[in-house]
1. So which residues in the stretch 39-56 are surrounded by fewer than 16 Cβ atoms within 10 Å (Cβ to Cβ) and not polar (S, T, N, Q)?
2. Please specify each residue of the stretch 123-159 satisfying the condition of being closer than 21 Å to SER31 by Cβ, among the hydrophobic types (A, V, I, L, M, F, W, C) and either assigned to a helix (DSSP H, G or I) or open to solvent by 50 Å² or more (accessible area, probe 1.4 Å) (or both).
3. Is one or more of the residues making up the stretch 128-137 among the acidic types (Asp, Glu) and touching a strand residue (DSSP E or B) at 6+ places or on another chain (Cβ under 8 Å)?
4. Looking only at the stretch 39-62, count how many residues are without any contact (Cβ under 8 Å) to a residue 12 or more places away in the chain and either under 13 Å from GLY156 (Cβ atoms) or acidic (Asp, Glu) (or both).
5. Among the residues of the stretch 160-178, which ones are part of a helix (DSSP H, G or I) and either surrounded by 19 or more Cβ atoms within 10 Å (Cβ to Cβ) or of a type outside the set (A, V, I, L, M) (or both)?
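The values are calculated or read from the model by the stated rules, or taken from the named source; none is laboratory data. Please read these numbers as outputs of a predicted model, since none were measured by experiment. We place every Cβ from the backbone using ideal geometry, glycine too, and count neighbours over all the protein chains shown. The protein model used for the area step is the full one, side chains on, heavy atoms only, and it has no ligands, DNA or RNA in it. Shrake-Rupley method; radii C 1.70, N 1.55, O 1.52, S 1.80 Å.
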Amino acid sequence: MKKKVLLLAMFIAVPAFAQAPATAANPGVSSSKATWGIMVGYFTAAAEQVPEADYAFKPVESVRTFGQMVGHLAGAQNMFCAAVLGEAVKSEDDIEKTVTTKAGLVAALKASTEYCKRAYGVSDADAVGKTNLFGQEMTKMFALSLNAVHAGEHYGNLVTYMRMKGMVPPSSQPRPAQ
């Protein structure tokens with residue numbers, strides 16, 4: 001069983017590293033950054049595309065509104081990346097609970113993305129260092145990967161919200177000819 005898990009991990013990891021820029025000095029962090037860049041790019045495009053009137057939309061009462069989802073990702077990015085950078089970790093809920101306009105939420109999302117670019121600039125050697133998140137010790141690389149996965153998870157939520165409103169999400173829109 002252990003051999004099968006190791007083999008599966010290799011089949012997943014090798015293509016991920018192969019997608020990193022060939023000239024990358026830090027292929028581990030570069031791969032995580034590439035994944036995060038795609039997800040946060042789609043997420044930001046969705047935040048910009050959805051009209052302000054739909055920022056209060058939520059499919060059912062028990063989930064976040066579209067706007068709260070944007071605020072949540074902005075706050076979470078600040079939290080994950082602060083942990084990687086060794087800076088004071090802010091509450092991930094600050095933005096979600098205090099910023100309510102589309103302009104404010106999009107600006108907070110873009111600011112958190114710029115902040116995270118610093119975190120994704122660490123070297124692979126630094127990324128194997130430890131940090132603390134959610135009361136658990138983990139590598140900085142794991143925190144960066146978790147940030148990318150978190151952005152993808154919530155982009156999936158936005159896709160559903162957008163489809164329910166008759167909109168085509170950024171990842172499904174036609175690509176410009178190259």
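1. GLY41, GLU48, PRO51, GLU52, ALA53, ALA56
2. ALA125, ALA127, VAL128, MET141, PHE142, ALA143, LEU144, LEU146, ALA148, VAL149, ALA151
3. yes
4. 1
5. Listed by number, the residues that qualify are THR160, TYR161, MET162, ARG163, PRO170, SER171, SER172.
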